1. Where does helix 290-302 land angle-wise versus the long Cα axis of the chain, in degrees 0 to 90, nearest 10?
2. Using all Cα-Cα distances in region 136-274, what percent lands in each 5 angstrom bin from 0 up to the longest?
3. Over the chain, calculate the relative contact order: mean separation of alpha carbon pairs under 8 Å at least 6 apart, over the residue count, as a percent.
4. Please give the length that would be gained between residue 329 and residue 567 if that part of the chain were fully extended, namely 0.36 nm times their separation in residues minus their C-alpha to C-alpha distance (nm, one decimal).
5. What's the carbon and sulfur percent of region 412-553's accessible surface, probe 1.4 angstrom, rounded to a whole number?
6. For residue 547, project a label point 7 Å along Cα to C-beta. Then give me every residue of region 190-208 with its amide nitrogen under 18 Å of that point.
7. Taking every pair of alpha-carbon atoms in region 517-566, what share in percent sits in each 10 Å bin, from 0 to the bin with the longest distance?
8. Measure off 7 Å from each Cα along the Cα-to-Cβ vector at residue 101 and residue 535, then give the distance between these two points in nanometres to one decimal.
Amino acid sequence: MSSSSEESYVRSDAGPIRAKKKYRQQFRDEWLQIQDYRKWLTRDKKSAYKCICTVCESSLISDLGAIKRHSESAKHKLRLPGLSHVRTIDNIFKSQQRGSDDDQRKITELKLSAFMAEHKISHIVMDHLVDLLPKAFPDSKIASNIKLKHTKLQAVINNVIGASEGECLVEDLKCVKFSIMVDESTDVASVKTMCVVVKYYDSNLGRIISRFWDLIQIFDDKKAGKSGDYTATAEKLFNLIIKSFRDKNIPLENIIGFGSDGCNTMMGCHNSVSSRFRQLCPGIIVIKCLCHSLHLCASDACKELPHDAEKLTRLIYNYFKNSSKRQAELKEFQAFTDTNIHKLLRPAQTRWLSLSSVVNRIMEQWDALRLFFDDKWLEDQDCQAIHILLSDHIIKAYFYFLCYMLPKFTRVNVYFQNEDPVIIEAHNKMTELYRELLSLYITPNHIKNTPLDAIDPTDSQHYINLKDIYLGLGVANQVSLPELHASTEEVTVMKQKCLNFIVKACVGIRKRYSLNDPVLSSIAKLDPGSCLSDNRLQSLSSLFPVLPRFKPQTLNDQQTLDDEWRNLILTANELHLNTNQPADVFWHQV
């Protein structure tokens, strides 16, 4: 029987009276066949008299009327469209026709979906595009038959294109060596996540490529309340990274490199993510993000300069940013001084090297700004501090120094953000920057006769005379102004602070980058120009000890590889090799 009965009694003066029987309805499997209910209704395994709505995660009594009322509720209707996002791939292209036109329609829908995903176009645009295509191409059956609104578009991207790309990536990582790059971030909803990117050589493209691997939520809501769930420790981050690869059966032997920013959790010598990778994958190459390192070097060095220089950039931007009237008035002064009409830039809080473009813009607009605030400072108190700083010749000398110094950091920083693989050039770029900074204040003989990693940037006995230190042409012209002839002490203090900036920057580079790094200095010899020069390596034997996870396992394979290297210079002319192309393209050609 599908129901059960219960009897209750009511006591009266004449004695107990037998009440009407009450029946409790049990769940019936026939309800799962009803079209409107079968997508979300299921049996409650804990009770035969209840059922569950999988969309709302609600428990219902086993009564057809109650189920119907729930299906018509606002809460259920609001959540029900979410089912369209979890449809199976087979249902996405469900169609009555099975022919060549239908196949072409599917291909077209896939291409449109890929286009929308690649160019990051809002999915709601597809609702209008699909209606437009039949009108734009009335003679096309394919355009008329396309059924691709934003709901199906998202399902195609997630369940077809995304799933297919993910499967291809998994297959690639199972048979190639790859590096891991990670970075943590907190989104606008205060959800802390960790993005994992893999970098490997794709033989089909002939290039080294970067591919998104996973976006890991660090604090899992399902495990709330357990101890340690809300601390992003190195052990937890490392386990999350490794789990993402083990879940896909990726061999950990294929991991050859790890890169991230230089925080202690990631790059500390002990009890960090990188130290755990070194234990799990002996011989792995661990590299800090050089862009982060250069940013920190420049930021620390800036603390040696007066705060007024950076303060001026923020005061000027804040004065103009929300006032169209002030900006319009400034344009008059820009036109009067024949200055380009450009907007003033905002100094970023988190990317200190953006100050380079801010300083350059202020120097470009200096004359127009000075005239503008000369006119305003008496009537507007907000202008007085800016007017004083713009009229200070020493402050302008600091700006000239920053215009000369900051591009040295930003140039290298931009180079390392190149999409082409530049790891081969990393060592040369960092040592060139370090040597260039040293040459500004250390005697040439000491730099020439001492190994670069043995030079102490804080050893003042090898310094050039303070008055002879080179700080750029802008500073030299500024301090030679007649207005500063009587301010020799202020000029001396300014030069000393600029010297402290350079010294602090050199100390920062030594601290964050190893000038005798065995890995980066060795692979620099694989640069296309170097490997075909007269000073090339005669044998790869010196690279095998520092790259243990790269080298062939057997001695015969190592010998074969070494023979190919030695014969490369003999066959270079026959191969018509171009050394001016990116390193991965060059070696793919080889």
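1. 50 degrees
2. Taking every Cα pair in region 136-274, the percentages come to 2, 8, 14, 17, 16, 14, 10, 7, 5, 3, 2, 1, 1, 0.
3. Values: 652 pairs, mean separation 50.5, N = 590.
Contact order relative to length: 9 percent.
4. On the way: separation 238, 0.36 × 238 = 85.68 nm, distance 6.94 nm.
So the chain would gain 78.7 nm between residue 329 and residue 567.
5. Here carbon and sulfur together make up 51 percent of the probe-accessible area.
6. 199-203, 206-208
7. It works out to 25, 56, 19, in whole percents.
8. 7.0 nm
The values are calculated or read from the model by the stated rules, or taken from the named source; none is laboratory data. Given the structure is predicted, the values throughout are model-derived calculations rather than measurements. Note that each Cβ is placed from the backbone with ideal geometry, even for glycine, and that neighbours are counted across all protein chains shown. Please note that ligands, DNA and RNA were not included when accessible areas were found on the heavy atoms of the full protein model with its side chains. Shrake-Rupley method; radii C 1.70, N 1.55, O 1.52, S 1.80 Å.
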